[in-house]
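Here's the structure, in structure tokens; my notes come after.
The values are calculated or read from the model by the stated rules, or taken from the named source; none is laboratory data. Note that the coordinates shown come from a computational prediction; the quantities given were computed from them, not determined experimentally. Neighbour counts are summed over all protein chains in view; Cβ atoms, including those assigned to glycine, are modelled from backbone coordinates with ideal geometry. Ligands, DNA and RNA are excluded from the accessible area calculation, which covers all protein heavy atoms including side chains. Shrake-Rupley method; radii C 1.70, N 1.55, O 1.52, S 1.80 Å.
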Amino acid sequence: VSHYGTGVVVFGLSAVVELLGEPFWVLAQAQMFVRLKVIAESLSVILKSVLTAFLVLWLPHWGLYIFSLAQLLYTTVLVLCYVIYFTKLLGSAESNKQQALPISRMTDLLPSVTRRRAFVNWNEAKLTWSFFKQSFLKQILTEGERYVMTFLNVLNFGDQGVYDIVNNLGSLVARLIFQPIEESFYIFFAKVLERGKDATLQKQEDVAVAATVLESLLKLALLTGLTITIFGFAYSQLALDIYGGAMLSSGSGPILLRSYCLYVLLLAINGVTECFTFAAMSKEEVDRYNFTMLALSSSFLGLSYLLTRWCGSVGFILANCFNMGVRITQSLWFIHRYYGRSPHRPLAGLYLSPALLGAFALSGGITSVSEVFLCCEQGWPARLAHIAVGAFCLGVTLGMAFLTETKLINFLRTQFGGSRLADKT
């Protein structure tokens, strides 16, 4: 592969640059600098995309070097945006936000040795090591199928290409919607609740707020995931046909994307439950969870290999679904124990009214029949009719959700109108 060695080196360099910006990203998350994050990440992604498109069109013989250079530009611009912003912020005596920051100058982010304290805070170092192990194991659980795919050669390059396309399309929702929610509300729960303390030993007002927010988030994640799953089954083939033509829509692509829709539902619920669990767990509980994830990661890799041998690339998604199901079960058990002796029941967010479930089931049936008769070899008029049927069913389903889930609607209204959650954070 052209420029393979150089590309790998540049990718490694971009990872180092991105790590240098990690403290600024944490500060932006903790202080809810939403505008800074949006501007920095948007500018970085735009420049990366422009550079990638330019090099692919004008210098295609550079091969992998193109994407590694674009990644390096992305991380560099991202870190520079954070550095420039915080340099100006900390240098401004009039800034009110500066008082809330845990640092007073940029050099506070660098390692230092003082006479009053040791170079390493061992309590913080142990907690950091726990989270490092957790992150490493989550990486195996999240990207483990790629290691199996690469080193065990269970799929040919054509199937790997289709799987990557479907995986990237399916993960758009997770990256654009679920990941920001998970990151933001992890910070919220970590601020409201005291880590490692039982719910009965904390301020009951904070416990009640956390329970209300968690219940609404679970309901929102469940509704979003169910909507994607139900309508994704009937519109996966059409989406792939529009995106990549018959090459994607006639092979294993639709089955992969339908399976991924189910995976998105589990991703949505897992993101909410884990963000609460990791914010409320003590260090000892995090360590115990890490041991469980270690066993889970080993079984996940083995299951990925076996399922892929049995049913092809769909096996990777099925193994991920199994992995997410186990993680959700662990988090739900922790939440159940955490609120067991309190009057709050945030897990009620996982229950939907029979009318709404009926609307989902009816929409799934109608859109599936519509797909059989209208998609996708009968031209654009039939496709547009299929889309119209889906839009009508989606409108009816959302209307039913609006009528039955009044508590969630009120929660969303408060959030968009300047909620007490924003005041709390």
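Identify which of the listed values of mean projected area of the Cα convex hull in nm² was calculated from the structure shown: (1) 24.6; (2) 26.8; (3) 28.4.
(1)
Counting other C-beta atoms within 10 Å, and keeping those with at most 16, which DSSP coil trypsin sites (Lys or Arg not before Pro) do you find in the stretch 312-420?
R341
Let me check something: with ligands and nucleic acids excluded, how do M281, M400 order by accessible area (1.4 Å probe), largest to smallest?
M400, M281
Return the subset of K37/K138; K133/K191; K197/K219; K133/K283; K88/K191 for which the Cα-Cα distance in this structure is over 19 Å, preserving the input order.
Table pairs above 19 Å Cα-Cα are K37/K138; K133/K191; K197/K219; K88/K191.
Tell me whether the stretch 151-351 comes out rounded, prolate or oblate; compute the Cα gyration tensor, take square roots of the eigenvalues as a ≥ b ≥ c, and use a/c under 1.5 as the rounded threshold.
prolate
What is the extension gain from E205 to S49, computed as 0.36 nm multiplied by their sequence separation minus the C-alpha to C-alpha distance, in nm to one decimal?
Length difference between fully extended and current span is 51.5 nm.
Grab the DSSP H runs of the chain that are 4 residues or longer, score each as -39,500 (n - 2.57), total them, divide by all residues and round the 222 nm result to the nearest 500 deg cm²/dmol.
After summing the helix terms and dividing by the residues of the chain, the value is -26500 deg cm²/dmol.
Considering the chain as a Gaussian network with a 10 Å cut-off on Cα pairs, which listed residue, E124, E182, E194, attains the greatest mean-square fluctuation?
Result for the chain, Cα springs under 10 Å: E124 fluctuates most.
Can you tell me the accessible area per residue over the chain, all protein chains present, probe 1.4 angstrom, in square angstrom?
Using a 1.4 Å probe on heavy atoms only, each residue of the chain averages 54 Å².
Which of these, G379, G315, G399, has the largest mean-square fluctuation under a Gaussian network model of the chain (Cα springs below 10 Å)?
Sorting by GNM fluctuation, first place goes to G379.
Report the FRET efficiency, 1/(1 + (r/R0)^6), for A246 and S368, where r is their Cβ-Cβ distance and R0 is 22 Å, rounded to 0.05.
After rounding, the FRET efficiency stands at 0.55.
Could you name the aspartates and glutamates in cross-link range of K203, using Cα to Cα under 19 Å and dropping any fewer than eight places away on the same chain?
E194, E215, D423
Using θ = phi - 60° and the Karplus relation 6.51 cos²θ - 1.76 cosθ + 1.60, list the HN-Hα couplings for the stretch 307-323 in order, rounded to whole Hz, with x at every Gly or Pro.
For the stretch 307-323, the Karplus-derived couplings read 5, 5, 5, 7, 10, x, 5, 4, x, 4, 5, 5, 5, 5, 5, 4, 4 Hz, x marking Gly and Pro.
For the stretch 249-395, just say rounded, prolate or oblate: build the C-alpha gyration tensor, square-root its eigenvalues into a ≥ b ≥ c, call rounded for a/c under 1.5, and beyond that prolate if a/b exceeds b/c, oblate if not.
oblate
Does the stretch 175-236 come out rounded, prolate or oblate, given a ≥ b ≥ c as the square roots of the eigenvalues of its C-alpha gyration tensor, rounded meaning a/c under 1.5 and, failing that, prolate meaning a/b above b/c?
Prolate, since a/c reaches 1.5 and a/b exceeds b/c.
Excluding M324 itself, what net charge comes from residues whose Cβ is under 12 Å from its Cβ, given Lys and Arg +1 and Asp and Glu -1?
Summing Lys and Arg as +1 and Asp and Glu as -1 gives +1.
Just subtract the alpha-carbon distance of E22 and I103 from 0.36 nm times their residue separation and send over the number in nm, one decimal.
Separation in residues times 0.36 nm, less the Cα-Cα distance, equals 27.7 nm.
With a 1.4 Å probe and all protein chains left in place, how much of the accessible area of the stretch 151-351 comes from carbon and sulfur atoms, in whole percent?
Carbon plus sulfur share of accessible area: 66 percent.
Output needed: Cys residues of the chain lacking any neighbouring Cys C-beta below 4.7 Å, sorted by number.
Lone cysteines by the Cβ rule: C81, C261, C275, C311, C321, C393.
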